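Contents: one structure, followed by commentary.
The values are calculated or read from the model by the stated rules, or taken from the named source; none is laboratory data. Here the structure is a predicted model, which means the values were calculated and not measured. Here the Cβ is made from the backbone with ideal geometry for all residues, glycine too, and neighbour counts use every protein chain on show.
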């Protein structure tokens, strides 16, 4: 199952707007205040893992759950966010029906809730599909956390070896990693590295950000391997993916995301302010276009309020 199109009838500054979504990667860029993060939230809010879904018991390695948390995406205004003031429709491939979500009154709470339009039964509100939303909370410095719990056993040896390889490849680092430690605090769950020169307490924010993203990818891989019949893919949304990361490392990360999106049937959507990352997206589109002339690649740009560029990579 892949999202192909989003129509936002109304949601704050969005009014009767349409967007296409890349089947592998979608980048969203624009000036501050142009609702980039809101767009990520609208997309991911449509999904959950229902009680009867066997994958619901699993927890991502990056913390949280595969049920995209409302609190990570939206802070509602009792003044401006009113019932019936929000409506959007997600369209899919493979003949799946469109799914429309609207805002309705929440019992005993001045804020609204989002639910499938016309449905009120428990379990009808969302589509069952594993989703991870990586908010800016992942960028809270470890040094500012009051309490940290460490665990050296979270990853398998195979995952640990893959993590070390990805970490140094993306960050263009030469120093061998001696160990990797899972770090859990109030605001985040990530993974830190130690070498002969430093330990995880001295990791940079860029390393911390990357660790969280890699753990999210490994989380989907675990679902893929453990539930081969139930797993049909997933959605990974990353707010400000380039934050704290060296431009060349952003490009390397994009290459890794493309590989994992294809291998695990993921749709990865991210916001960015990085021209280096957007150019790398464009280069990927051009590269795939030349290699697979019979498999069309969509590359589009749009202007929406101040939202400037979206590039889509639709093939592996």
| request: Would you mind stating whether residue 201 is in a helix (DSSP H, G or I), over 27 Å from residue 127 (Cα atoms) and out of contact with any strand residue (DSSP E or B) (no Cβ under 8 Å at 6 or more places or on another chain)? | output: no
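Rundown of residues vs (1) outside any loop (DSSP other than H, G, I, E, B); (2) touching a residue at least 40 places away in the same chain (Cβ under 8 Å); (3) more than 14 Å from residue 209 (Cβ to Cβ), yes/no style:
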residue: 165; (1), (2), (3): yes, no, yes
residue: 168; (1), (2), (3): yes, no, yes
residue: 172; (1), (2), (3): no, yes, yes
residue: 177; (1), (2), (3): no, no, yes
residue: 183; (1), (2), (3): yes, yes, no
residue: 193; (1), (2), (3): yes, no, no
residue: 196; (1), (2), (3): no, no, yes
| message | Criterion first (over 19 Å from residue 144 (Cβ atoms) and touching a strand residue (DSSP E or B) at 6+ places or on another chain (Cβ under 7 Å)) does residue 250 satisfy it? | response | no
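Can you tell which of 4, 79 is over 16 Å from the mean Cα position of the chain (by Cα) and farther than 29 Å from residue 215 by Cβ?
79
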| field | Residue list for the range 204-232, filter: part of a loop (DSSP other than H, G, I, E, B) and either in contact with a helix residue (DSSP H, G or I) (Cβ under 7 Å, 6 or more places away or on another chain) or surrounded by 23 or more Cβ atoms within 10 Å (Cβ to Cβ) (or both) | value | 227, 230, 231
| Filter result for residue 267 (assigned to a strand (DSSP E or B), touching a helix residue (DSSP H, G or I) at 6+ places or on another chain (Cβ under 8 Å) and modelled with pLDDT under 85) | no
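Which members of the range 51-65 meet the condition of being touching a helix residue (DSSP H, G or I) at 6+ places or on another chain (Cβ under 7 Å) and part of a loop (DSSP other than H, G, I, E, B)? Spell out how you get there, then give the answer.
Within the range 51-65, the first condition is being touching a helix residue (DSSP H, G or I) at 6+ places or on another chain (Cβ under 7 Å), and the residues that meet it are 55, 58, 60-62.
Selection gives 58, 60, 61, 62.
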| said: Which count do you get for residues in the range 134-152 that are over 19 Å from residue 64 (Cβ atoms), touching a strand residue (DSSP E or B) at 6+ places or on another chain (Cβ under 8 Å) and in a helix (DSSP H, G or I)? | reply: 0
| request: Could you please give the count of residues in the range 246-258 that are within 26 Å of residue 223 (Cβ to Cβ) and either under 15 Å from the mean Cα position of the chain (by Cα) or assigned to a loop (DSSP other than H, G, I, E, B) (or both)? | output: 5
| task | Considering every residue within the range 83-94, establish whether at least one is surrounded by 15 or more Cβ atoms within 10 Å (Cβ to Cβ) and either within 18 Å of residue 50 (Cα to Cα) or over 24 Å from the mean Cα position of the chain (by Cα) (or both). | result | no
| field | Of all residues in the range 3-42 being in a loop (DSSP other than H, G, I, E, B) and touching a strand residue (DSSP E or B) at 6+ places or on another chain (Cβ under 6 Å), the one that is nearest to residue 263 (Cα to Cα) | value | 24
| Does at least one position in the range 145-154 carry a residue that is modelled with pLDDT of 85 or more and at positive phi? | no
| query | Out of the range 153-163, which residues are in a loop (DSSP other than H, G, I, E, B) and free of Cβ contacts under 8 Å to residues at least 40 places away in the same chain? | reply | 153, 156
| said: Would you confirm, using the coordinates I've provided, whether residue 71 is out of contact with any helix residue (DSSP H, G or I) (no Cβ under 6 Å at 6 or more places or on another chain) and part of a loop (DSSP other than H, G, I, E, B)? | reply: no
| Total residues in the range 95-110, condition surrounded by fewer than 16 Cβ atoms within 10 Å (Cβ to Cβ) and more than 17 Å from residue 3 (Cβ to Cβ) | 6
